[in-house]
Amino acid sequence: MKSPLLSLPGAVPGEGPDEGVAAHYGDLFREQRALADGTGFVDLSHRGVVTVSGADRLSWLHLLITQHVSELPPGQATEALILSAHGHIEHALYLVDDGETTWAHVEPDSQRDLIAYLESMKFFYRVDIADRTDDFAVVHLPAGSITEAPEDTTVRETAHGRDLFLPRARLTDFAEASGPAIGVLAYEALRVEAHRPRVGLETDHRTIPHELGWIGSAVHLQKGCYRGQETVARVQNLGKPPRRLVFLHLDGSEVTLPSHGAPIRLASEGEEGRQLGFITSSARHHELGPIALALVKRNVPVDAELIADSTAAAQETVVEP
């Protein structure tokens, strides 16, 4: 779905998973600084929007997801995962309940598979599941923003800012009243700085929640059963995950950033050394310079100097080995 805000002056279309919205509007670092200062908004209208209504919605969702939501108060934001039977991450849901309906935004184009799974698990529960992506656009207001959410808009408020479920027909009017518009590259740079994982970038077909630091924020360890819980409990109680997320400061003299999937090796072994992991996300930060998140083997020393492709990288621990 192509955002109407791509017609704003200076808009450069996003690529990959962020196709359909603006990557930036002509000045990446100015946009990052504005976002960090609590001004402007980010068009995330390419993300999927799913709602669950009905009297059993919270108790039913509680059975399916990794988060404790059976008594989720109206207006309280949370996040949750849906795992495979083997405990691998399939979906991340960014949730809020308004007292009558649970709203979630998810990765672009993932809502169809999510809804198919949810529909298969309805059984006799009083729930109605809907794809509201055509009707509602996600808009992000950064922490500290004084912009007021339009009336009758569902708001999901977190430490990082507010996500608005805005009627899609009002997106252009909102942009005119609430600018400046900020591209998704600035939003992603601050996400990488904050070490926040994203499904499809920080995950592959075998990623488990412990590897990304999602225990606690998205996985509740004292709730009842859900698909994949056995893997979560076994790793939590008996072992360590095979990989761990790290934050990387990249050599600023390089012209290009290492792309998603770029191999990570020990600097001492050079470009022909053993692959120890891969880049998951990379960005140019307005203060830190080039940065990245990477998934590496658990036994990689925390003080090891690394290279991503040919780019030198110094690591910071996100998930303890």
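The values are calculated or read from the model by the stated rules, or taken from the named source; none is laboratory data. From a predicted model like this one, the values you see are computed outputs, not experimental measurements. Cβ sites come from the backbone with ideal geometry, for glycine too, and all protein chains shown count toward neighbours. Side chains are part of the model used for accessible areas, which takes the heavy atoms of the whole protein and leaves out ligands, DNA and RNA. Shrake-Rupley method; radii C 1.70, N 1.55, O 1.52, S 1.80 Å.
Worth pointing out:
- Separation of alpha-carbon centers, the stretch 180-207 and the stretch 106-161, rounded to whole Å: 18 Å
- Restricting the GluC sites (Glu not before Pro) of the stretch 103-173 to loop positions (DSSP other than H, G, I, E, B) with no more than 16 neighbouring Cβ atoms within 10 Å leaves GLU148, GLU151.
- Option label - P(r) over Cα pairs in 20 Å bins from 0, in percent computed here, alternatives (1) 31, 58, 11; (2) 35, 60, 4; (3) 32, 60, 8: (1)
- Those aspartates and glutamates that a straight Cα-Cα span of less than 14 Å connects to LYS2, excepting residues fewer than 8 apart in one chain: GLU15, ASP18, GLU19, ASP43, ASP109, ASP134, ASP135
- Pairwise Cα distances in the stretch 258-297 exceed 13 Å for 54 percent of all pairs.
- Neighbour count of at most 11 Cβ within 10 Å plus DSSP loop: longest chymotrypsin sites (Phe, Trp or Tyr not before Pro)-free window in the chain: 125-321
- Solvent-accessible area per residue, Å², over the chain with all protein chains present [probe radius 1.4 Å]: 45 Å²
- Residue by residue, the stretch 245-251 carries 3J(HN,Hα) couplings of 7, 10, 9, 10, 9, 9, 4 Hz when phi is fed to the Karplus relation 6.51 cos²θ - 1.76 cosθ + 1.60 (θ = phi - 60°); x denotes Gly or Pro.
- Looking at the stretch 148-208, the trypsin sites (Lys or Arg not before Pro) that sit in a DSSP loop and have at most 16 other Cβ atoms within 10 Å of their own Cβ are ARG206.
- GluC sites (Glu not before Pro) within the stretch 1-70: DSSP coil, no more than 11 neighbouring Cβ in 10 Å: GLU15
- Taking a Cβ cut-off of under 15 Å around PRO142, the surrounding Lys, Arg, Asp and Glu residues balance to a net charge of -2, with basic ones at +1 and acidic ones at -1.
- The Cβ shell under 10 Å around ARG126 holds other residues with a net charge of 0, Lys and Arg each +1, Asp and Glu each -1.
- Surface share of carbon and sulfur [accessible, 1.4 angstrom probe, percent] for the stretch 153-208: 52 percent
- Across all Cα atoms of the stretch 206-321, the radius of gyration (one decimal) and Dmax (whole number) stand at 15.6, 50 Å.
- Neighbourhood charge, 12 Å Cβ-Cβ cut-off, centred on HIS195 and excluding it, Lys, Arg +1 and Asp, Glu -1: +1
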